[in-house]
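The values are calculated or read from the model by the stated rules, or taken from the named source; none is laboratory data. Predicted model only: the values in this text are computed from it and were never measured. Methodologically, a virtual Cβ is constructed for each residue, glycine included, from the backbone with ideal geometry; neighbour enumeration extends over all protein chains shown. To get the accessible areas, we keep the full protein, side chains included, count just its heavy atoms, and leave off ligands, DNA and RNA. Shrake-Rupley method; radii C 1.70, N 1.55, O 1.52, S 1.80 Å.
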Amino acid sequence: MKDSKVGLVLEGGAMRGLFSSGVMDVLMEHNISFDGAIGVSAGAAFGCNYKSKQIGRALRYNKRFAGDKRYCSLDSLLKTGNLYNAKFCYDTIPNELDLFDYETYKKNPMEFWIVASDVHTGNAVYKKLKTCSSKDFEWMRASASMPLASKIVKVDGFELLDGGMTDSIPLKKFQSMGYEKNVVILTQPRGFIKKKNSLMWLMRIALHRYPALVTAMAQRHVMYNDETDYVFDQEKKGNVFVICPDESLGISRTEKNPDELQRVYDMGRTVALQNINRIKSFVE
């Protein structure tokens, strides 16, 4: 019997998230369950499939639609203000083209949390998605709405953008919620150091009405590197099992080549399979 809650923490990284999807599919195939999961950006958008138990879904719809201008395109950005089309990604796909299993999601007792960034306070906002209703999908969309490539998402009285700007790897938050043991899936290799954003000058212009958010974004590299240091420190203490690529994934954040998407997904599967017995021992 588990003597503490076990969590799954999912970093973002746009299409790097397919590495995480490969890992998660292997974990599901081996019937590894968690008491809760928390995802940021792509970690939120792809991680919901763990609670709905839909192995292969994230890879499937990304390979099918990545090159579709309805999914992610300059055309969508110019017409809607969102590089990733909101209606197509968070309504048409899950409700018509690659059906999301809402019933399984609701019945699965695993909690699923996402992280978004409040544009007014520059702080992280955490939301538990109980049903993946249309409003829950708006929260998920907010978590994955990259600045400059997305409009601000308004939901439940909040105005939100990408959660990775304020809490890229929310391990501390999950620990504070009682998740004492956590599997953390990173999309960068060990030793990766995030550098200062070279587009901060443009961010300051585009988001000048939100100075607290701009301040948070300017310090994101510091926050991110502190969080990765904390993750690996917790790993040494036995509280965390880290799964990450052996080397840089070398994939564009908006990659459209299905072969590249498959390659990164397969890298995740490989790492997970190499460690599956150790992961089982840690979780169980």
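Here are the criteria: (1) free of Cβ contacts under 8 Å to residues at least 40 places away in the same chain; (2) surrounded by 15 or more Cβ atoms within 10 Å (Cβ to Cβ). Tell me which single one Tyr50 does not satisfy.
Of (1) free of Cβ contacts under 8 Å to residues at least 40 places away in the same chain; (2) surrounded by 15 or more Cβ atoms within 10 Å (Cβ to Cβ), only one is false for Tyr50: (1).
Can you tell me how many residues within segment 229-265 are part of a helix (DSSP H, G or I) and either more than 18 Å from Ala14 (Cβ to Cβ) or modelled with pLDDT under 95 (or both)?
Total meeting the criteria: 8.
Does at least one position in segment 64-72 carry a residue that is in contact with a Gly (Cβ under 9 Å, 6 or more places away or on another chain) and either part of a helix (DSSP H, G or I) or not aromatic (Phe, Trp, Tyr) (or both)?
no
Okay, residues lined up against (1) under 16 Å from the mean Cα position of the chain (by Cα); (2) of a type outside the set (A, V, I, L, M):
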position: His120; (1), (2): no, yes
position: Ala149; (1), (2): no, no
position: Gly163; (1), (2): yes, yes
position: Ser168; (1), (2): yes, yes
position: Leu186; (1), (2): yes, no
position: Phe192; (1), (2): no, yes
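With the structure loaded, tell me whether Ile276 is surrounded by fewer than 13 Cβ atoms within 10 Å (Cβ to Cβ), over 28 Å from Val153 (Cβ atoms), aliphatic (A, V, I, L, M) and at pLDDT 95 or above or whether it fails that test.
In short, no.
Which residues, counting only those in segment 204-226, are in a helix (DSSP H, G or I), within 22 Å of the chain's Cα centre (by Cα) and either within 15 Å of Asp162 (Cβ to Cβ) or free of Cβ contacts under 8 Å to residues at least 12 places away in the same chain (or both)?
Correct list: Leu213, Val214, Ala216, Met217, Ala218, Arg220, His221, Val222, Met223, Tyr224, Asp226.
Go through Lys106, Lys127, Lys79 for me and flag whichever is open to solvent by 10 Å² or more (accessible area, probe 1.4 Å), in contact with a helix residue (DSSP H, G or I) (Cβ under 6 Å, 6 or more places away or on another chain) and charged (D, E, K, R).
Being open to solvent by 10 Å² or more (accessible area, probe 1.4 Å), in contact with a helix residue (DSSP H, G or I) (Cβ under 6 Å, 6 or more places away or on another chain) and charged (D, E, K, R) holds for just one of Lys106, Lys127, Lys79, which is Lys127.
Among the listed residues Asn49, Asn108, identify the single one that is touching a Lys or Arg at 6+ places or on another chain (Cβ under 8 Å), among the polar types (S, T, N, Q) and farther than 23 Å from Asn257 by Cα.
Asn108
Would you pick out the residues in segment 151-161 that are in contact (Cβ under 8 Å) with a residue 40 or more places away in the chain and over 18 Å from the mean Cα position of the chain (by Cα)?
Lys151, Phe158, Glu159
Filter segment 170-199 for residues that are assigned to a helix (DSSP H, G or I) and surrounded by 19 or more Cβ atoms within 10 Å (Cβ to Cβ) and give the result.
Leu171, Phe174, Gln175
What's the number of the only condition in (1) within 24 Å of Lys181 (Cα to Cα); (2) among the hydrophobic types (A, V, I, L, M, F, W, C); (3) open to solvent by less than 20 Å² (accessible area, probe 1.4 Å) that Leu261 fails to meet?
Leu261 satisfies every listed condition except (1).
Checking the condition within 20 Å of Met217 (Cβ to Cβ) and out of contact with any Asp or Glu (no Cβ under 9 Å at 6 or more places or on another chain), which residue from Asp98, Asp91, Asp162 passes?
So the residue among Asp98, Asp91, Asp162 that is within 20 Å of Met217 (Cβ to Cβ) and out of contact with any Asp or Glu (no Cβ under 9 Å at 6 or more places or on another chain) is Asp162.
Please go through segment 200-221 and pick out each residue that is open to solvent by 60 Å² or more (accessible area, probe 1.4 Å) and either modelled with pLDDT under 95 or closer than 21 Å to Val125 by Cβ (or both).
Within segment 200-221, Arg209, Pro211, Thr215, Gln219, Arg220 qualify.
Tally the residues that are among the charged types (D, E, K, R) and open to solvent by 50 Å² or more (accessible area, probe 1.4 Å), restricting the search to segment 132-169.
5
Can you tell me which residue in segment 73-117 is nearest to the chain's Cα centre (by Cα), limited to those that are more than 27 Å from Tyr179 (Cβ to Cβ) and not in a helix (DSSP H, G or I)?
Checking each candidate, the answer is Tyr84.
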